[in-house]
Amino acid sequence: MTALLALANVDTYYGPIQALRGASLAIDAGGIVAVLGANGAGKTTLLKTVMGLLDDQPDKGSIDFDGASIVGAQTEEIARRGIAYVPEGREVFRELTVLENLQAGAFSRRDDTAADLARMFGYFPRLMERRDQSAGTLSGGEQQMLAIARALMSRPRLLMLDEPSLGLSPLLVQEIFAILRTINGDGVTIFLVEQNARMALSVADRALVMEHGRFVLDGSAAEIAADPDVQEFYLGIAGEESVKGYRRYRRKKRWR
């Protein structure tokens, strides 16, 4: 079966700085895949590379969506093919109303969007209550809801999210991740970059760990959550010998 999204040996540079180093992965349709990693690991670059948001990218390697290459395609074309992206920081259109933001998310469509608007308001009842309110006046959690709903208005097959929990209270994080489970259950594949490893692993079917621009660990969410290094360095479950454990972590070949 052809993977929905496949990267093979992708290198991406910011000027002289290499941000992705031979990144390879394949995501099948239907699940939730999470990528964990420290700041600077290359997680955001990975999503931007897939979405065609970086100039002259990738510098090496291939990116296929549903069996067809998207290397060199414009971001608008990638979105039309069925990938939606929710960036870190939400980036809603602050001067537009909630309804206008949602309508903007359907810019590439020519069909009736009424059913999808109703579905978004079903996922996020607060947006219905604030449909005529300017997006800039919403709380951070409401803006994140709006950013996700706006992305879904394009009817994507793959939804990519960058740090959806950033800056939100624990209760709001739980609410949004519960909604992501519902969205996935409705048939949207989710590719999630998240520093809240505990929450990401609780919702994902599969997880990868990224370090210095490459994937160093890949497995089911349960396998990744049970890994001693992940427990210590991402889940905050300290071992008995933290310093020695960190040195072992740096030496392990699978983490290089």
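A compact table of results
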{"read-out": "Lys/Arg +1, Asp/Glu -1 at C-beta; the chain dipole; positive extreme among Met199, Gly30, Ala226", "value": "Ala226"}
{"read-out": "Assigned charges on the beta-carbon of Lys, Arg, Asp, Glu; the chain dipole about Cα centre (debye)", "value": "640"}
{"read-out": "P(r) of the range 60-114 over all Cα-Cα pairs, binned every 10 Å from zero, in whole percent", "value": "18, 42, 30, 10, 0"}
{"read-out": "Theoretical FRET efficiency, 1/(1+(r/R0)^6), r = Cβ-Cβ of Ala114 and Gln174, R0 22 Å, to 0.05", "value": "0.15"}
{"read-out": "Dimensionless Rg over Rh [the range 93-154; C-alpha; Kirkwood]", "value": "0.93"}
{"read-out": "Length added when fully stretched, Asp59-Arg181, from 0.36 nm per residue minus Cα-Cα", "value": "40.5 nm"}
{"read-out": "Separation in nanometres of the label points that stand 7 Å from Cα toward Cβ, at Asp227 and Glu91", "value": "2.9"}
{"read-out": "Debye log10 I(q)/I(0) for the chain, one point scatterer per Cα, at q = 0.13, 0.16 Å⁻¹", "value": "-0.84, -1.22"}
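Every number here is computed from the coordinates shown, using simple stated rules; none is lab data. Everything quoted here is computed from the prediction, not taken from an experiment. Please note: Cβ atoms are built from the backbone with ideal geometry, for glycine as well, and neighbour counts cover all protein chains shown.
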